[in-house]
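To start, the structure under review is shown below, and the notes come after it.
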Amino acid sequence: MKKRMIAALLAFTSTVAFAGDHGAPWSYSGATGAEHWGQLSPAYAACSAGSNQSPVNIVDAIHGQLKPLGMHYRAGGQQALNNGHTVQVNFEPGSSLDVDGRAFALKQYHFHAPSENHINGQSFPLEVHLVHADADGRLAVVAVMFKEGEANPALARVWKQMPEHAGDNAQLAKAVSAAALLPASHDYYRFNGSLTTPPCSEGVRWLVMKQPVTASAAQIKAFADVLHEPNNRPLQPINARLIVE
Ligand SMILES: [Zn+2]
């Protein structure tokens, strides 16, 4: 009887916790790993029930008339934060991206190692996501792949003040611009997708740069060492979506 009461109490407690909790703990492995995200909280339902999930393998892109991206980036990244899932640079207002006649403000960029999206079946050792939101809260993410090569000066500026432990944050000595992370060519793939972390919300405009930039082996290792484990969600089915280039 006592056991049953405790079980009921625990169930009640967890229901209460879930009802108002949009931040159930998650990770990239074990019981709270990616294959379980959809069951960790009702708020994360899209992680398992969604049909337009990210990341994806970018193949069979359709040739379209994609407009050049209107990128208006300036130095505004002031704070580097380790949130336990990634290292993120938060931006002050003032940097924006024009897509579909809408202005999306750059909010932050963060990293995944190895890459989350693949291009023609190829994974990359590192991927950065530039996360933008418009006035109505719609999201647009610009992704850039890194291949191993020359050291990346833009990464070096952030890595120099790397927040090494979950919860650490660092005020950057000099504000950084997202423009410094972009490849020379701004040709891109476009598709409809989701956040790649809980709550896996859909309706995200994905804009993946075709041309990778470089990072040195030491720079890639420095990020992997801070994260302790790979922070890439597995590839998701493309289902009925088109990829346009
Ligand atoms: Zn991301």
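The table below lists the values:
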{"read-out": "Any hit, region 65-72, residues being in contact (Cβ under 8 Å) with a residue 12 or more places away in the chain and within 16 Å of the ligand (Cβ to nearest atom)", "value": "no"}
{"read-out": "Any chance Ser177 is among the polar types (S, T, N, Q), open to solvent by less than 40 Å² (accessible area, probe 1.4 Å) and over 23 Å from Gly84 (Cβ atoms)", "value": "yes"}
{"read-out": "Close pairs (6 angstrom Cβ cut-off, 6 or more residues apart or separate chains): more than 13 Å from Tyr73 (Cβ to Cβ) and touching a residue at least 60 places away in the same chain (Cβ under 8 Å) in region 105-120, open to solvent by 10 Å² or more (accessible area, probe 1.4 Å) and of a type outside the set (Ser, Thr, Tyr) anywhere", "value": "His112/Asn232; Ala113/Ala224; Pro114/Pro125; Pro114/Asn232; Ser115/Phe124; Glu116/Asn232; His118/Asn57; Asn120/Val59"}
{"read-out": "Residue in region 130-139 that is farthest from Asn231 (Cα to Cα), counting only those that are surrounded by fewer than 24 Cβ atoms within 10 Å (Cβ to Cβ) and within 12 Å of the chain's Cα centre (by Cα)", "value": "Leu139"}
{"read-out": "Qualifying residues in region 45-70 (those that are open to solvent by 40 Å² or more (accessible area, probe 1.4 Å) and assigned to a strand (DSSP E or B)) - the one nearest to Val176 (Cα to Cα)", "value": "Asn57"}
{"read-out": "Count - residues of region 126-154 that are of a type outside the set (D, E, K, R) and within 16 Å of the ligand (Cβ to nearest atom)", "value": "15"}
{"read-out": "Identity of the residue in region 174-184, more than 15 Å from the ligand (Cβ to nearest atom) and in contact with a strand residue (DSSP E or B) (Cβ under 8 Å, 6 or more places away or on another chain), that ends up farthest from Ala140 (Cα to Cα)", "value": "Ala175"}
{"read-out": "Tally of residues being open to solvent by less than 50 Å² (accessible area, probe 1.4 Å), within 16 Å of the ligand (Cβ to nearest atom) and of a type outside the set (Phe, Trp, Tyr) across region 98-118", "value": "10"}
{"read-out": "Out of Ala170, Ala156, sole residue that is small (Gly, Ala, Ser), over 14 Å from Gln79 (Cα atoms) and not in a loop (DSSP other than H, G, I, E, B)", "value": "Ala156"}
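Residues are listed down the side, and each one gets a yes or a no for (1) closer than 19 Å to Pro125 by Cα; (2) in a strand (DSSP E or B); (3) not acidic (Asp, Glu):
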{"position": "Phe191", "(1), (2), (3)": "no, yes, yes"}
{"position": "Pro199", "(1), (2), (3)": "no, no, yes"}
{"position": "Ala218", "(1), (2), (3)": "yes, no, yes"}
{"position": "Asp225", "(1), (2), (3)": "yes, no, no"}
{"position": "Glu229", "(1), (2), (3)": "yes, no, no"}
{"position": "Asn239", "(1), (2), (3)": "no, no, yes"}
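The values are calculated or read from the model by the stated rules, or taken from the named source; none is laboratory data. None of these values were measured; they are calculated from a predicted model. Glycine also receives a Cβ, built like all others from the backbone with ideal geometry; neighbour counts cover every protein chain displayed. Heavy atoms of the whole protein, side chains included, go into the accessibility calculation; ligands, DNA and RNA do not. Shrake-Rupley method; radii C 1.70, N 1.55, O 1.52, S 1.80 Å.
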